[in-house]
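The structure appears right after this line, and notes come after that.
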Amino acid sequence: MDLRFSPAEEAFRRELVAWLSVEVPKVGPPPDKDDWDGRRKFDLAWQRRLFDGGFAGIDWPKDVGGRGASPVEQMIYLSESEKAHAPYVGVNFVGLLHAGPTIATLGTTEQKNRYLPEILMGNEVWCQGFSEPSAGSDLAALETKAIRDGDEYVVSGQKIWTSHAQVADLCELLVRTSKEGPKHKGITWLIMDMRSPGIEVRPLKTIGGSTEFSEVFLNEVRIPIENRVGKENEGWKVAMVTFSFERGTAFLSDLIRSRELLKSLVQLSSIPGKSGKAKWESDALRQQVGLLSGELDGLWSLTRRNISQASKDGVPGIGGSVFKLYYSELRQRISDLAIKVLGQRLMSYDGFGDPVATEHVEAYIYSISMTIAAGTSQVQRNIIAERILGLPKESL
Ligand SMILES: Cc1cc2nc3c(=O)[nH]c(=O)nc-3n(C[C@H](O)[C@H](O)[C@H](O)COP(=O)(O)OP(=O)(O)OC[C@H]3O[C@@H](n4cnc5c(N)ncnc54)[C@H](O)[C@@H]3O)c2cc1C
């Protein structure tokens, strides 16, 4: 493992910083959080700008329009983008960060040629149809059934918590193709066109007030067999690759954003209160911020270790679970502290002209979901116990 940037990586960083300094100021204000058409347009427009500038899919293969660069350069890209306040990946999250990489790793040549360039060019949005009302942590229990009918699968069932479903063109979908044998051996990974007849999307309102995710009802939806990634009944293996990307590198820009939140918290606590004293004068607060900052540094090193491993293996390793577990809980502790520092300013959340308070309250609400999304903390602990520490398997 080498944690230093090579001369080529440093040159890449300089080129990127110069490009961002020109392009980011051209981006207008982001649309309202529940203006989904606006959000789709905004996020796709930024993706197109990245593509035209040669920065789309930094670590994707060149033959599908990516930059073919190393995961370390991807990390540089995320870090510098955050510093420059470039738009977040937004509704392109699933396509760019896990469906696309899964197809790039396991898809056929036809699938790579058909789907990957469209993601990179900002033409198509993806969503993830994995969870079901009775299959979340125990995902292998999923029941949405797919029956072969000639060259098609006929799919019926229900998905839930499908982020960005209402603006998605395509869905990475897990279906049950067999009930024989162990439950994880009868699952298949399919690409579903969200415009197919038989799909009904019902948005769900989150605690943050936006309709971030939806229930998706599937009623005899026809999916061509050429949309299958991997073999029939071997979708669990494909899903494991999807998860390694989702837990391995997809949270990276979030980690960088946490550092910004911590800085903002320090500024917030440095403002003198009515007594003339600033909260920052408290030793206890400074110690807590110092500790959180050290923990972020530790996670940054862990990330570089995971990325170094991904550079060798092509797929992020099991270290992604360690990162996801620690990071999501750390992020909640940062937000808990911010809420204490905000004090009465909490009351000016949303619509009262206090953008700093709004930013921290939104981050706090979002952080609650972080120990659930992409596999709960309890599930990550099970994975670490069994697959890293070699402890006995959980008896179900
Ligand atoms: C913001 C957000 C976005 C999401 N986006 C998507 C998406 O786009 N697509 C998608 O498919 N899904 C999505 N999800 C769903 C997410 O993957 C599930 O919520 C998650 O896997 C947990 O499943 P569940 O909600 O069914 O909870 P359950 O599995 O019912 O868990 C309930 C509780 O029991 C605990 N528990 C369960 N099993 C065990 C065990 N074996 N050992 C110890 N404790 C256990 C859990 O940790 C949890 O605390 C999203 C979730 C969130 C919060």
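Derivation of every value follows stated rules applied to the coordinates shown; laboratory data play no part. In this text the structure is predicted, and so the values were computed from the model without any measurement. Quick reminder, even Gly has a Cβ in these numbers, built from the backbone with ideal geometry, and neighbours come from all protein chains shown.
With charges only on Cβ, +1 for K and R and -1 for D and E, what is the dipole size of the chain about its Cα centre, in debye, rounded to 20?
Approximately 840 debye in magnitude.
Taking Cα centroids, how far is the range 1-43 from the range 270-337 in Å?
22 Å
Set Lys and Arg Cβ to +1 and Asp and Glu Cβ to -1, take the dipole of the range 7-88 about its Cα centre, and tell me which of His85, Pro29, Leu16 lies farthest positive.
Pro29
Mind checking which of Ser282, Leu346, Tyr364 is farthest towards the positive end of the chain's charge dipole, using Cβ charges of +1 (Lys, Arg) and -1 (Asp, Glu) about the Cα centre?
Result: Ser282, furthest along the dipole toward the positive end.
Under the rule of at least 5 residues apart or a separate chain, name every residue whose amide H is placed under 5 Å from the amide H of Ala278.
Those qualifying (amide H under 5 Å, at least 5 residues apart or on another chain) are Gly273.
Aspartates and glutamates near Lys112 by alpha-carbon distance under 16 Å, same-chain residues fewer than 8 away left out - which ones?
Result set, ordered by chain and number: Asp59, Asp63, Glu124, Glu172, Asp193, Glu226.
With springs only between Cα atoms under 10 Å apart, run a GNM on the chain and tell me which of Ile271, Ile383, Ile199 wobbles the most.
Top of the fluctuation ranking is Ile271.
Say the cut-off is 20 Å between C-alpha atoms; which of Lys26/Lys62; Lys159/Lys324; Lys185/Lys231; Lys179/Lys393; Lys62/Lys83 go over it? Display every interim value, and only then the final one.
Working: Lys26/Lys62 27 Å; Lys159/Lys324 23 Å; Lys185/Lys231 11 Å; Lys179/Lys393 23 Å; Lys62/Lys83 26 Å.
Beyond 20 Å: Lys26/Lys62; Lys159/Lys324; Lys179/Lys393; Lys62/Lys83.
Take the alpha carbon gyration tensor of the range 1-131, find the square roots of its eigenvalues, order them as a ≥ b ≥ c, and report rounded if a/c is under 1.5; if not, report prolate when a/b exceeds b/c, else oblate.
Details: a/c = 1.81, a/b = 1.08, b/c = 1.68.
It comes out oblate by the Cα gyration axes.
Give the lysines whose C-alpha is closer than 24 Å to that of Lys274, dropping any in the same chain fewer than 8 places away, or say none.
Lys263, Lys340
Counting only C-alpha contacts under 8 Å and six or more residues apart, can you give the relative contact order of the range 7-88 as a whole percent?
32 percent
What's the FRET efficiency of Val17 with Ala140 using the Cβ-Cβ distance as r and R₀ = 41 Å, to the nearest 0.05? Walk me through the intermediate numbers first.
Details: r = 44 Å, r/R0 = 1.08.
Approximately 0.40, to the nearest 0.05.
Find the relative contact order for the chain and round it to a whole percent, using C-alpha pairs within less than 8 Å whose residues are 6+ positions apart.
On the way: 626 pairs, mean separation 50.4, N = 396.
Result for the chain is 13 percent.
Let a ≥ b ≥ c be the square roots of the eigenvalues of the Cα gyration tensor of the range 188-265; is it rounded (a/c under 1.5), or, if not, prolate (a/b larger than b/c) or oblate?
Details: a/c = 3.84, a/b = 1.51, b/c = 2.55.
Here the range 188-265 falls in the oblate category.
Give, rounded to the nearest 20 debye, the magnitude of the charge dipole that the range 7-88 has about its Cα centre when Lys and Arg contribute +1 at Cβ and Asp and Glu contribute -1 at Cβ. Could you put the intermediate results ahead of the total?
Working: 12 positive and 15 negative charges, 34 e Å.
Magnitude of the dipole: close to 160 debye.
If you take every DSSP beta bridge whose two residues both sit in the chain, what share of them, in percent to the nearest 5, is antiparallel? List each step's numbers first, then the result.
Details: 31 of 37 bridges.
Around 85 percent of the beta bridges assigned by DSSP in the chain are antiparallel ones.
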